[in-house]
Every structure is written in structure tokens, then in C-alpha cells.
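For reference, the structure is listed below as C-alpha cells.
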Amino acid sequence: MKKLQPIQPGSIIRIVSPAGKIDKKHVMPAVKWLEEQGYTVKLGKHVFAQHFQFAGTDEQRAADVQEAFDDSDCDAIICSRGGYGTVRIIERLDFSKFLENPKWLIGFSDITILHLRLHNLEVPTIHGVMPRYFFDDIGEPREDLTSMITLVKGEGISYNVAATEFDRPGAASGQLVGGNLSIVNSLQGTKYDIDTAGKILFLEDIDEFLYHTDRMVHQLKLSGKLDHLAGLILGDFTDMKDNESPFGQTVHEIFAEAVKDFDYPVCYGFPGGHDKKNLALTFGRDWELEVAKSGTRLRLV
């Protein structure tokens, strides 16, 4: 993996909208806060554009991302939101100049597509909070934000997670990879697919039917994605839905059944994803995972 320079006061941060449309009121407070910390913030020309559900046309969104990629002075790129649409522009993007001057890419949800692409290009990325969720209800920076800033500043971090009845004890270390389950699953069999062998896989999702989640988990298992993991971390699965005729298993039960024949450690309920806390994770870097009956510890190596 390439080593990225930590950001510091004076660093340039670009904000782009690769997917869904977003209102200024959800971005500008974050811009103000970043500038107060000493960073220079540049907004993509089409950050607030609207084309049906998208932040502008495919051409506009791709142009903003490409400009950010090609900016040799830029130190980090924060995606304004997820939603849907990054898959529509991924083939339009040229990563050659980005690889000459790699920089942090920050986001989650639909941004998983960029995480996976950059992972295969050996560039670490940060699965972390986006501008709309920087602050709590009284306008104070959330732990999501402080954890993300800690990582882009190149500092170490360690998380402690409460135990659940499904946790499988054990210890592992390896590169962290993953993101949104639906996106990871949708890219199987494409050139953006990832090799999970020997790695710690992180997964989260939102607003999915339980039967559909079960199908995606079984597809991961049938494709061998779950066979040779170093460890598995399950984040938040938010606002999950069921049919009138119940599926009969929770998300944790679905995963527990799928990985019962393996012996790697599994952490359930890591506060990451679409819920009230989305602690930042660096994909492509090595982490140590320790799952015990008393709880889980995850530490950036």
C-alpha cells in the first residue's frame, strides 16, 4: 500500500459529489468548521448541482471527481454524500495522475465503489463521516468527525466495542477492506472486485430486506469471499425491513449461520455505517482485531 501524507493546517481538502444530490445547508457548516481548523477547502463546480436524484449529470459529477483526482496540491477528498450514482461514473475516471500524487479519499455507503477501486490500486482510503453528519444536534463535532480527522492526520487510534452474544472470540491482524454490503456484493465478478483472503472484512448496510441480505451473504459465501478471512467486522445494519411473512432471522443470525464453519474472529455491532455513530476506519492499512467475551478491541497498527 502507498503511504499517504498526513494532512495539517494549510492542507487543501476538496469536496465533491459523486452520487446523490445534496443541499448547501448540509455542506457549508462542515466547510466552515474545516476552514476554522486551518484547512483550505475547495468545492467541486457541481457539488450542489441537481439532475433528478443525482448531483448533476454523470459528466458533471465525473468532471468534479477527476479535477480533484488530478489536483497535485490537494491532500484529501471528502465526498459530500452517498446515495446512488458512483457506479455510473467509475469508468469515466482516469486514476493515472491520482496515482502520481495519491491523496486521502473519505466517505462511505455508495462511496464504497471508490474504496474498492483504490484498494486494488494499493491506495489506502478512509471509510468515514461525510459533511451532513459532522455535528451533533447542538452543533458540536461528533466522535465520527474527530476519529476521521485523527486518521487523516496520521495519528494512531484504537476502538473498544461492547460485546454481543454473537461475537466469536479470537485475535487477528491484517489489511482492512470492505464497506457497504450491497456495493461489495454488486461488484463481484467485475474488475472492481476485491480479494478478501487474509484480510479483515468490514461490512454494513441500510434499508435492505432481510431476505435480500441473506441472499447477498450467501453470494459472498458461494464466491469464497468468506472462506479465508483473517477476521470479520459487522457494522451497523440500519432500518432493515422484513416481509409480511417474516424471514425468521436477524442480520446477526444470518451472518452467524453463514460463517459457523470458519474459525476466524467475528465482531458484531461495530459502530460504523448509517447509524448514530460512524467511527472512521482506514481501509488498506493493517489493524489488530481482538474479540473476547468482554468486548472487542480494534487497533490501527
Contour minus end-to-end for K277 and D227, with contour as 0.36 nm per residue of separation and end-to-end as the Cα-Cα distance?
15.1 nm
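Nothing charged except the Cβ atoms of Lys and Arg (+1) and of Asp and Glu (-1): what's the magnitude of the dipole of the chain about its Cα centre? Round to the nearest 20 debye.
On the way: 33 positive and 44 negative charges, 124 e Å.
About 600 debye.
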For the residues R142, R61, what sequence is obtained by ranking on other C-beta atoms within 10 Å, fewest first?
R142, R61
To one decimal place, what orientation-averaged projected area in nm² is obtained for the convex hull of the Cα set of segment 6-118?
6.3 nm²
For segment 1-154, with only Lys/Arg (+1) and Asp/Glu (-1) charged at the beta-carbon, what is the dipole magnitude about the Cα centre, in debye rounded to 20?
140 debye
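Antiparallel as a % of all DSSP beta bridges within the chain, to the nearest 5?
On the way: 23 of 52 bridges.
Here the antiparallel bridges make up roughly 45 percent for the chain.
In deg cm²/dmol, rounded to 500, what helix-only [θ] at 222 nm does the chain give when every DSSP H run of at least 4 residues adds -39500 (n - 2.57) and the total is split over its residues? Write out the running numbers ahead of the final one.
Values: 8 runs with 73 residues, N = 301.
Computed mean residue ellipticity for the chain: -7000 deg cm²/dmol.
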Hits among lysines - C-alpha to C-alpha of K276 under 23 Å, sequence gap 8 or more where chains match:
K21, K24, K25, K32, K241
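Which whole-number percent gives the relative contact order of the chain, counting Cα pairs below 8 Å spaced six or more residues apart? Show your work: numbers first, answer last.
Values: 677 pairs, mean separation 57.9, N = 301.
Relative contact order for the chain comes out at 19 percent.
Return the loop-located trypsin sites (Lys or Arg not before Pro) in segment 184-217 (DSSP other than H, G, I, E, B) with at most 12 other Cβ atoms within 10 Å of their own Cβ; answer none if there are none. If you can, show how the numbers build up before the last one.
Numbers: sites: K191, K199, R215; in loops: K191, K199.
Here the trypsin sites (Lys or Arg not before Pro) that fit, given the DSSP loop and packing criteria, are K191.
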Calculate, in whole percent, how much of the Cα-Cα pair population of segment 132-213 lies beyond 20 Å.
58 percent
Dipole of the chain, positive end: most advanced residue of P124, A76, L234 [Cβ charges, Cα centre]:
A76
Under 21 Å from the Cα of K260 - lysines, other chains or at least 8 residues apart:
K199, K221, K225, K293
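Could you give me D for the chain, from Stokes-Einstein at 20 °C and 1.002 mPa s, where the hydrodynamic radius is the Kirkwood radius over C-alpha pairs? Units µm² s⁻¹, please.
Values: Rh = 19.4 Å.
Estimated diffusion coefficient is 110 µm²/s.
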List S109, S147 from most exposed to least, where exposure is judged by having the fewest other Cβ atoms within 10 Å.
S147, S109
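Values quoted throughout were computed directly from the atomic coordinates according to the rules given, and no laboratory measurement underlies them. Every value quoted in this text rests on a predicted model; they were computed, and no experiment measured them. Here the Cβ is made from the backbone with ideal geometry for all residues, glycine too, and neighbour counts use every protein chain on show.
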